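Shown next, in structure tokens, is the structure this report addresses.
The values are calculated or read from the model by the stated rules, or taken from the named source; none is laboratory data. Every value quoted in this text rests on a predicted model; they were computed, and no experiment measured them. Because the Cβ atoms are built from the backbone with ideal geometry, glycine has one as well, and the counts that use them run over all protein chains shown.
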Amino acid sequence: MPLLEARGISKCFGPVRAVDSVSLSLEAGKCLGLVGESGCGKTTALRCLMGIQVPDGGEVLLDGRSLSDFPRPALARRVQYVFQDPFSSLDPRMKAGDQLREVLQAHGLERAGRVEELLGLVGLAPESASRFPHAFSGGQRQRLVIARALAVEPSILLLDEPVSALDVSIQAQVLNLLVDLRARLGLALVLVSHDLGVVRRLAGRLAVMYLGQVVEAGPAEAVFASPRHPYTKALLAAAVPGAKVPIQGEPPSPANPPTGCRFHPRCPEAEERCRTEVQELQTVGEIASRCWKSVSPGTPGARAAS
């Protein structure tokens, strides 16, 4: 049974269907990468997994139970969220140690030396406890935010673009920290990023989103090695310096998505049927894809993705 699971969740904001029938699955101790362009719905999906946003349809399960069955403090002990901008998620008027101590006190977990333990866990010196957030570098602030999330000893971290605001050299350090923490603490991670290199460093499974839908999903290395959906192919091509990217234009408005395949106005492989026929997520081998050309009903081994 998955540790955390989204079953066909949808979330609307007025006419905009930000997340449309998305299913995701996270195993204990594993990392799921969620990728796509800005505005594709990946952050909204992540917030639904935390319960910050309540889906309009579908359900999110933790240990097989609906998130609504968990009191908020109990849910916070299991699942923690790391936001994209560490500075905005820290109180500029509180010292680092006090911010960690506040969380520990709120959950009845305070004990002698615990603040220093948490700082050491993320590679910060004990004297960091007496410093204010503005005195830290960007990478140090992200480490502090991760330490605060770990204070309640969660089993799951939801990471929303955790290194996108950092310099490349600092990104590598924070990613190495996450790799180490996952191994040492047995954490399960959901990592949202537009950077495929970041996701490849951590994720065992990958889900690619476009305009509110998952268009491809499977083991990360299998998707990287043999992508099925033209959008995934374009994302991978865009990650290669100097490569010609086979994708044109901007994503359509999520308030008025195209008929048929939502990617067809930008797809270099689109044909007439793509404009009208909706391809459901289908699995061939290890990879599920929403492109009818790669997983047509007649393809041997094709089956509907759960």
Filter pass, Arg184 being outside any helix (DSSP H, G or I) and either without any contact (Cβ under 8 Å) to a residue 12 or more places away in the chain or surrounded by fewer than 18 Cβ atoms within 10 Å (Cβ to Cβ) (or both): no
Residue in region 6-22 that is within 15 Å of Ala220 (Cβ to Cβ), under 15 Å from the mean Cα position of the chain (by Cα) and of a type outside the set (S, T, N, Q) present: no
Candidate set from region 80-105 (those that are of a type in the set (A, V, I, L, M) and in contact (Cβ under 8 Å) with a residue 40 or more places away in the chain); member that is nearest to Leu124 (Cα to Cα): Ala96
Matching option when the condition is assigned to a strand (DSSP E or B) and not polar (S, T, N, Q), among Val199, Val215: Val215
Qualifying residues in region 147-199 (those that are more than 11 Å from the chain's Cα centre (by Cα) and of a type in the set (Val, Ile, Thr)) - the one farthest from Gln80 (Cα to Cα): Val168
Residues being surrounded by fewer than 19 Cβ atoms within 10 Å (Cβ to Cβ), at pLDDT below 95, assigned to a loop (DSSP other than H, G, I, E, B) and β-branched (Val, Ile, Thr) - total across region 117-169: 0
Any helices (runs of 4 or more DSSP H) falling wholly within region 42-106 and containing at least 1 residues that are surrounded by fewer than 17 Cβ atoms within 10 Å (Cβ to Cβ): 72-78, 96-106
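This table checks each residue for (1) modelled with pLDDT of 80 or more; (2) within 30 Å of Leu189 (Cα to Cα); (3) in a loop (DSSP other than H, G, I, E, B).
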{"position": "Pro254", "(1), (2), (3)": "yes, yes, yes"}
{"position": "Arg262", "(1), (2), (3)": "yes, yes, yes"}
{"position": "Glu269", "(1), (2), (3)": "yes, no, yes"}
{"position": "Ala288", "(1), (2), (3)": "yes, yes, no"}
{"position": "Val295", "(1), (2), (3)": "no, yes, yes"}
Qualifying residue in region 110-133 (condition: of a type in the set (Phe, Trp, Tyr) and within 29 Å of Val199 (Cα to Cα)): no
